[in-house]
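**Q** What follows is a structure written as structure tokens; I'll ask about it next.
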Amino acid sequence: MAHHDTLNGAEILLKALVDQGVEVIFGYPGGAVLPIYDELFKQNRLRHVLVRHEQAAVHAAEGYARSTGKVGCVLVTSGPGATNAVTGLADAQCDSVPLVCLTGQVPTHLIGNDAFQEADITGITRPCTKHNYLVKDVNDLARIVHEAFHVARSGRPGPVLIDLPKDVVQSKGEYQPPSKVKSKYKPQVKGDIKAIEKAIDMIAHAKRPIFYVGGGVINSGPAACQLMTQFVRMTGYPCTLTLMGLGAIPGSDPLFLGMLGMHGTVEANMAMHDCDLMINIGARFDDRVTGKLEGFSPKSKKIHVDIDPSSINKNVAVDLAIVGDCAHVLEDMIKVWKAKQCRVDDKALKTWWKQIDQWRGMDCLAFEGSNKLIKPQYAIKRLYELTRHRNPYICTEVGQHQMWAAQYLKFDLPHHWLTSGGLGTMGYGLPSAMGVQMAHPDALVIDIAGEASIQMNIQEMATLVQHRLPVKIVILNNQYLGMVRQWQELIHGGRYSESHMTHHPDFVKLAEAFGAVGLRATKPDEVDGVFKEMMAVDRPVIVEMLTDASENVFPMIMPGMAHNEMVLGPEDKSRDKPGSEEDGMVLV
Amino acid sequence: MIKHEEIQRHTIAVLVDNESGVLARVIGLFSGRGYNIESLTVAEVDAKEKLSRITIVTSGTAMIVEQIKNQLRRLIPVHKVHDLTIEGPHVARELALVKVCSTGEKRVESLRIADIFRARAIDSTNESFVFEVVGATEKVDAFIKLMEPLGLADVSRTGVVAIARGPNPI
């Protein structure tokens with residue numbers, strides 16, 4: 001006789017998801033997961049969003065996770081369902097997004113037999129997940145699900161995959177609640193107090209300091225962002241943010257120097273180059289940030305706070321490392337600062353700010369306007385000014401439009417900027433916006449896109465319409481793979497190899513074909529009207545902006561160059577200098 | 001800069017859950033990130049706790065070796081990572097089975113050398129021996145080199161196992 005709490009695997013799975021706080025699953029059914037979908041049908045605790053491609057399910061879960069701080073949840077079938085999800089998992093791994101991805105698998109007795117829709121997905125995803133599991137016994141299922149959520153959200157967050165053979169979810173077993181599961185995975189969250197005291201000493205004595213803040217602070221949560229802002233304001237030191245860190249301190253704060261790196265501002269990059277103390281909180285010295293390592297901030301001492309010990313001394317050797325969660329470390333830093341009654345060197349700081357203001361005065365994001373052609377920078381600036389009062393969530397695809405969005409939009413709140421930073425996944429924005437809108441039904445959610453990127457997951461328009469998700473998609477159409485064209489113009493002698501797309505769908509008609517609204521602007525004086533109309537509609541909208549095809553993103557640190565060797569604009573002659581290949585390394 | 005730094009050999013002991021896929025995770029980490037593996041051994045060491053011990057001999061600059069250890073620690077089933085090379089004195093041993101085929105004077109000479117190396121003959125026919133030799137990698141290397149002209153036919157080595165000297169476990 002069955003024990004009273006004996007359930008089948010699919011029931012155990014859904015019970016575990018509910019106990020883990022899951023509200024929404026993004027997924028796509030198929031043979032191996034039919035028993036799970038059957039249980040989904042019988043309950044109403046978990047909502048399910050039916051995507052049109054499994055990659056989009058993962059990006060949607062990323063959007064959900066990054067805008068809420070919760071773990072995103074994905075359910076796809078075996079074989080092609082699982083392999084289609086791989087790009088999304090790699091994206092989440094690069095950008096440290098907490099996900100649990102459930103994949104169907106052929107029954108255990110068929111594993112290894114090249115069965116129909118079989119793929120070794122734990123093997124395939126080993127390098128692009130934080131961890132993965134193959135469940136072989138239904139009595140391990142609840143424990144594994146609880147542990148997977150713990151692993152996904154603890155330490156440096158990341159995607160975790162659970163492979164579920166069909167016979168396992170059909171057989172009967174016992175449920176274990178989360179309280180019964182003890183995980184051995186316990187990352188360090190408190191920073192070493194001795195190191196924190198030393199850091200405070202260095203910070204108080206700096207003459208040309210800069211805070212270099214990354215996505216680790218965003219991942220650490222709203223409290224970490226508040227503490228970060230508090231600490232920056234207490235010191236009065238300048239602060240730059242990485243692409244992943246935008247929103248960690250308010251974009252409108254005068255202490256914020258703008259984004260740094262390849263397309264960062266002059267003031268941010270020059271201050272990084274000339275500083276005497278760099279205080280890295282939750283950033284990872286990515287190659288898009290550092291440029292040429294030999295020329296990277298040569299005169300500075302460096303402090304690095306990171307929850308992941310493997311991020312420390314990976315690319316750049318630092319003078320003081322603190323392993324811990326940003327919120328905990330910042331809290332201790334502020335405590336020590338107050339306890340020691342630290343004072344900054346006012347005179348030195350004044351001189352430093354005078355220098356920074358000089359760089360700021362160059363107004364590196366200025367661009368030449370036009371009354372004939374829509375400049376992409378102009379479109380983004382107007383979008384910002386017309387929507388800022390609603391604190392929109394902004395998602396992007398990947399390319400020039402992404403960089404312009406990062407440069408011209410200011411984020412006063414964390415968790416409102418979602419972009420594929422590490423992997424650089426074209427097609428990220430639309431499904432990610434879908435996930436954000438699911439979590440925040442009344443918010444204004446905008447996907448800033450290029451005409452090429454949007455076509456990588458355009459099928460999700462149908463999902464938006466089916467689930468009544470009023471996402472606004474703004475396509476900056478310049479007829480080119482813009483960033484590819486820019487590199488070809490600047491680095492490959494103007495040979496535009498396969499970067500020109502000569503045929504595009506009519507995006508207005510396409511929107512209508514999906515049952516959404518399509519709008520178009522072709523001239524600068526139409527931009528405001530179209531954006532206003534877009535905001536007035538309570539349905540998914542595609543706005544197509546026909547923009548100047550020749551615009552490039554500036555400033556730009558050319559590959560192989562250092563922070564103080566930026567190209568400022570099309571007139572800047574230094575762009576003709578070839579970048580050096582560092583120690584024989586080919587720079588990408 | 002990094003690349004001009006000296007490359008050094010390190011012996012790393014890793015305690016892991018003995019579960020399916022754990023070795024693939026460790027090896028995949030090395031191949032995916034371009035680290036060297038000079039030798040790798042693995043076997044269960046605690047049946048009750050289901051723990052295996054992996055001994056890896058790798059080489060790299062100090063910064064790379066630090067990376068390797070930190071990347072290993074990131075793997076969920078990895079519990080302990082110890083760099084025996086820098087943490088104090090340790091002993092490292094390797095076992096090799098060496099097949100030597102010869103007759104006459106060469107056969108006698110191979111036995112003589114085996115005696116010097118304290119290698120045991122664990123299989124013999126009229127025209128062959130299998131020797132078992134245990135020692136540091138350099139000793140095993142030397143033994144095999146000396147057997148080359150004496151009819152060396154086949155070699156099977158375990159790779160290095162290592163443990164810290166003194167009373168403390170890892």
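**Q** Gap in Å between the Cα centre of region A:406-441 and the Cα centre of region A:340-365?
**A** Here the answer is 32 Å between Cα centres.
**Q** For chain A, what is the calculated [θ] at 222 nm in deg cm²/dmol (nearest 500), taking -39500 (n - 2.57) for each run of four or more DSSP H residues and dividing by its residue count?
**A** -10500 deg cm²/dmol
**Q** Restrict the search to region A:311-348; then list the trypsin sites (Lys or Arg not before Pro) that DSSP places in a loop and that have at most 10 other Cβ atoms within 10 Å of their Cβ. Numbers along the way, then the final one.
**A** On the way: sites: A:Lys314, A:Lys335, A:Lys338, A:Lys340, A:Arg343, A:Lys347; in loops: A:Lys314, A:Lys340, A:Arg343.
Within region A:311-348, the qualifying trypsin sites (Lys or Arg not before Pro) (loop, at most 10 other Cβ atoms within 10 Å) are A:Arg343.
**Q** Per the Kirkwood formula on distinct C-alpha pairs, the Rh of region A:66-152 is how many angstrom?
**A** Its Kirkwood hydrodynamic radius stands at 13.6 Å.
**Q** Using alpha carbons only, how many degrees (0 to 90, rounded to 10) separate the axis of helix A:54-68 from the longest principal axis of chain A?
**A** 60
**Q** Here's a follow-up. Expressed as a fraction of 2.2 N^0.38 Å, the rule-of-thumb size for a compact globular protein of N residues, what is the C-alpha radius of gyration of region A:123-261? Please report the intermediate quantities before stating the final value.
**A** Values: Rg = 21.1 Å, N = 139, 2.2 N^0.38 = 14.3 Å.
Compared with the compact-globule rule of thumb, region A:123-261 sits at 1.47.
**Q** Using amide H atoms built in the peptide plane, which far-off residues or other-chain residues are under 5 Å from A:Leu418 H to H?
**A** Placed amide hydrogens put A:Ile394, A:Cys395, A:Thr396 under 5 Å from A:Leu418.
**Q** If we sort A:254-261, A:121-128 on the protection proxy, mean other Cβ atoms within 10 Å, highest first, what's the order?
**A** In descending order of packing, they fall as A:254-261, A:121-128.
**Q** Longest span of chain B, sites excluded, free of trypsin sites (Lys or Arg not before Pro) in DSSP loop with at most 16 other C-beta atoms within 10 Å?
**A** Here the longest run is B:51-117.
**Q** Then there is this: Over all residues in A:305-315, what is the mean tally of Cβ atoms on other chains that come within 10 Å of each residue's Cβ?
**A** The per-residue average across the peptide is 4.
**Q** Indicate the gyration tensor shape class of region A:1-143 (rounded, prolate or oblate), computed on the Cα atoms with a ≥ b ≥ c the square roots of the eigenvalues: a/c under 1.5 is rounded; otherwise a/b larger than b/c is prolate and the rest oblate.
**A** Details: a/c = 1.60, a/b = 1.13, b/c = 1.41.
Taking the square roots of the gyration eigenvalues as a ≥ b ≥ c, region A:1-143 is oblate.
**Q** Next up: Hey, with R₀ at 45 Å, roughly what FRET efficiency would A:Ile193 and B:Leu111 work out to, going by the Cβ-Cβ distance, to 0.05?
**A** 0.10
**Q** Restricting to DSSP loop positions (anything but H, G, I, E, B) with no more than 16 other Cβ atoms inside 10 Å of their own Cβ, which trypsin sites (Lys or Arg not before Pro) remain in region A:386-422?
**A** Hits after loop and neighbour filter: A:Lys410.
**Q** Using the 2.2 N^0.38 Å rule of thumb for compact globular proteins, work out how region B:1-156 stacks up: its C-alpha Rg over that value, please.
**A** Dividing the Cα radius of gyration by 2.2 N^0.38 Å gives 1.28.
**Q** A:Gly158's amide H: which non-local residues (gap 5+, or another chain) put their own amide H closer than 5 Å, with H modeled 1.01 Å from N in plane and none for Pro or chain starts?
**A** A:Leu99
**Q** Report the paramagnetic label zone for B:Ile163: residues of region B:74-103 whose backbone N is under 12 Å from a point 7 Å from Cα along the Cα-to-Cβ axis.
**A** B:91-93
**Q** If you don't mind, another one. Would you please report the Å³ per residue occupied by the convex hull of the alpha carbon atoms in the protein assembly as shown?
**A** 206
**Q** Please give the average number of partner chain Cβ atoms lying within 10 Å of the Cβ of each residue in B:21-32, rounded to a whole number. Write out the running numbers ahead of the final one.
**A** Numbers: counts 6, 0, 0, 3, 4, 0, 0, 3, 2, 0, 1, 3.
Going residue by residue through B:21-32 and averaging, the value is 2.
**Q** Tabulate in residue order the Karplus-calculated ³J(HN,Hα) for region B:121-133, using 6.51 cos²θ - 1.76 cosθ + 1.60 with θ = phi - 60°, rounded to whole Hz; enter x for Gly and Pro.
**A** For region B:121-133, the Karplus curve yields 7, 10, 8, 8, 10, 5, 10, 8, 10, 10, 9, 10, 10 Hz.
**Q** In region A:417-496, what chymotrypsin sites (Phe, Trp or Tyr not before Pro) fall in a loop by DSSP, with at most 14 other Cβ atoms inside 10 Å?
**A** A:Tyr496
**Q** Would you mind classifying region A:193-360 by shape? Square roots of the alpha carbon gyration tensor eigenvalues, ordered a ≥ b ≥ c; an a/c under 1.5 is rounded, otherwise it is prolate if a/b is larger than b/c and oblate if not.
**A** rounded
**Q** Per the Kirkwood definition applied to all pairs of different Cα atoms, how many angstroms is the hydrodynamic radius of region A:373-414? Don't skip to the end; give the middle numbers.
**A** Details: mean 1/r = 0.0928 Å⁻¹.
Kirkwood hydrodynamic radius for region A:373-414: 10.8 Å.
**Q** Would you grab the residues whose amide H sits under 5 Å from the one on A:Val474? Only those 5+ places off in sequence or on another chain, please, with H modelled 1.01 Å from N.
**A** Long-range HN contacts for A:Val474: A:Asp447, A:Ile448, A:Ala449, A:Val543.
**Q** Same structure again: Which distance in nm do the two modelled labels at A:Lys182 and B:Arg118 give, with both placed 7 Å along the Cα-to-Cβ direction?
**A** 4.3
**Q** Now, a different point. State which stretch of chain A is the longest one without any exposed GluC sites (Glu not before Pro), exposure meaning a DSSP loop state and at most 16 other Cβ atoms within 10 Å.
**A** Of all site-free stretches, the longest is A:24-367.
**Q** Pull out the extension gain between A:Asn139 and A:Asp287, defined as 0.36 nm times the separation in residues minus the alpha carbon to alpha carbon distance; nm, one decimal.
**A** 48.8 nm
**Q** Relative to the Cα centre, what is the charge dipole magnitude of region A:184-302, using +1 at the beta carbon of each Lys and Arg, -1 at the beta carbon of each Asp and Glu, and rounding to the nearest 20 debye?
**A** Dipole magnitude for region A:184-302 comes out near 400 debye.
**Q** At 4 °C and 1.567 mPa s, grab the translational diffusion coefficient of region B:90-163 from Stokes-Einstein with a Kirkwood Rh over Cα pairs, rounded to a whole number in µm² per second.
**A** For these conditions, the coefficient is 106 µm²/s.
**Q** Same structure, new question: With the dipole of region A:507-566 worked out from charges on the C-beta (+1 for Lys and Arg, -1 for Asp and Glu) around the Cα centre, which of A:Asn552, A:Gly518, A:Ala562 lies farthest toward the positive end?
**A** Among A:Asn552, A:Gly518, A:Ala562, the one farthest towards the positive end of the dipole of region A:507-566 is A:Gly518.
**Q** Something else about it: At 7 Å along Cα-to-Cβ for each site, give me the label-to-label distance between A:Lys172 and A:Glu368 in nm.
**A** It is 7.8 nm.
**Q** Hey, what angle do you get for helix A:326-339 against the long axis of chain A, alpha-carbon based, 0 to 90 degrees rounded to 10?
**A** With both axes taken from Cα atoms, the answer is about 50 degrees.
**Q** For region B:17-94, count all C-alpha to C-alpha pairs, find those more than 20 Å apart, and express that count as a whole percent of the total. All intermediate terms of the calculation are to be shown ahead of the outcome.
**A** Values: 929 of 3003 pairs.
Counting pairs separated by more than 20 Å, the tail of P(r) holds 31 percent.
Laboratory data are not the source of any read-out in this text; all were calculated from the coordinates shown. The model shown is predicted, which means the values in this text are computed figures rather than measured ones. Here Cβ is always computed from backbone atoms with ideal geometry, including for glycine, and neighbour counts include all displayed protein chains.
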